[in-house]
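Written out below as structure tokens is the structure these notes cover.
The values are calculated or read from the model by the stated rules, or taken from the named source; none is laboratory data. These figures come from a predicted structure and were not determined experimentally. Just the protein is used for accessible areas: all its heavy atoms, side chains included, with ligands, DNA and RNA removed. Shrake-Rupley method; radii C 1.70, N 1.55, O 1.52, S 1.80 Å.
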Amino acid sequence: FDGSISLSTESDLSVSNKAFFRAEVDGDVTVPSSLSTIPYQCFYALTTTGKVYIYSDTVGEEAFAEAKFGNIDLDLTYVDKIACQAFYKSNVESVTFKNGVVLGDSSCEYGSFEDCDDLRTVTFNGSATIGMYSFYSCGSLQNIYIEGSEVTVSRDSDSFSERGPIVH
């Protein structure tokens, strides 16, 4: 695409699985709240030179897996739930979550941000539930910031790599 992708803000927007599979976008990508769930592999392996704005409630499985973002700081402060492998192997460097976010669940074989080699900083703006393997094999992850409430990590999970990040 030459330019940005901005989906309609009309209520009950529906987009099929793999709608923008391997899309190359010279500009921003905006996903409005009218798309309550970003479906399976909707933006799989997306390459964009701009910023990605996500206002959906849920980011589905592999929705942005292997994506290459132009702006590597991801603001997910509008998202309630992030499914397994949602950002698997993407090039995101920092991510900020809203209060009450849920990452993955106990059935995940791969985590929401697993193998994000460039991920360095994670910020939780309040409480969060971190599911299985959420940040597993994120070798560059150095800092986790928790603003306010508690963060619950799934019991007996490998949510982080063996060398854990510093929690602030």
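Values as computed for the structure displayed
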read-out	value
Heavy-atom accessible area ranking, 1.4 Å probe, most first, across Glu93, Glu62, Glu24, Glu147	Glu24, Glu147, Glu93, Glu62
J(HN,Hα) series, segment 17-26, from Karplus relation 6.51 cos²θ - 1.76 cosθ + 1.60, nearest Hz, glycine and proline x	3, 6, 4, 10, 4, 6, 5, 10, 10, 8
Amide hydrogen neighbours beyond the local backbone of Ile5, cut-off 5 Å, H modeled	Asp28, Val29, Thr30
Cα pair count fraction exceeding 22 Å, expressed as % - segment 1-127	26
Cα gyration tensor category, rounded, prolate or oblate, for segment 72-123 with a/c compared to 1.5	oblate
